[in-house]
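Only the coordinates and a few stated rules stand behind these numbers; no lab work does. Bear in mind the structure is a predicted one, so any value in this text is a computation, not a measurement. Backbone-built Cβ (ideal geometry, glycine too); neighbour counts: all protein chains shown.
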Amino acid sequence: MSGLVWISGASAGIGAALAASVPFPARVVDISRRGGTTEHFRADLADPADWARVAEHFTAELSAYDGERVVFIHNAGTINPIGPAAGADPDAYTRAVLLNSAAPQVLGAAFLRASAQLTCERHLIMLSSGAATTAYAGWSSYNAGKAALEHWVRTVGQEQPAGGCRVIAVAPGVVDTAMQSAIRATPESDFPAVSRFHDLHRTGALTTPEAAATGIWSLLGKPLPNGTCTDLRTL
């Protein structure tokens, strides 16, 4: 099966593992600032001006697309700034809100518009987190962003016609990435639950990016209803 795959934030971590393990022949495009080892569309997804560029790119690539499958995995996000909202740097906090809350909705809608005329298999997969349902003090923009992402998926999944794009969200578990290193480096005064993440690391309970990527790709073959928000740890 031939395909076209976009992965946001594929320059490192789970995104890079996803790009390296696409389980079918496909052109793979990384949407990020830095770029990884695959084809790169440079964009700062915390900058609304770049959302329009990504939308135009989707439209241009899909206007005459005749492949068998098209996939957009929105993986990009940030945990920073960590700490009480009242003490966060305003500019950093604004960028986090734009990246974690607004970008998934705007880019997801752009992908749905661009792919609406296609009759091939279509998938929109949003990377979520346990933080969507568990409030962690110090993670307000991240918690709220993942909660917004999941509710967007539930709503937009209901909107899809029979045979339309399948829209799902998946939490990959606690994965051994640079984000986890940043979490463990945070003082308890900014993140009271930090000891839990030290314990997970010390006991070898973290998932590898490669294992998370394998689990995420496996969802393409599972009969999940449109609008599903799931967790790899419960599948």
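A few comments on the model shown:
- Other-chain or far-sequence residues with amide H under 5 Å of V29's (modelled H): V5, W6, I7
- With Cα atoms, 0 to 90° folded angle of helix 140-159 axis to the chain main axis: 30 degrees
- Per-residue ellipticity at 222 nm from helix content only, as computed over the chain with -39500 (n - 2.57) for each DSSP H run of at least four residues, stands at -11500 deg cm²/dmol.
- Taking amide H atoms as placed 1.01 Å from N in the peptide plane, the amide H of T207 lies under 5 Å from those of V174, V175, D176, each 5 or more residues away in sequence or on another chain.
- Built amide H within the under 5 Å cut-off of T228, gap 5+: A169
- With θ taken as phi - 60° and the Karplus curve 6.51 cos²θ - 1.76 cosθ + 1.60 applied, the whole-hertz 3J(HN,Hα) list for the range 212-218 is 4, 4, 4, x, 5, 5, 5 Hz, x standing for glycine and proline.
- Bins of 5 Å from zero: percent of alpha-carbon pairs in the range 1-104: 2, 12, 21, 21, 18, 12, 6, 4, 2, 1, 0
- Label-to-label distance, nm, for residues given as A116 and A185 (7 Å Cα→Cβ offset): 4.4 nm
- Extending 7 Å from Cα along the Cβ direction at D47 and again at K222 yields two label points whose distance is 3.6 nm.
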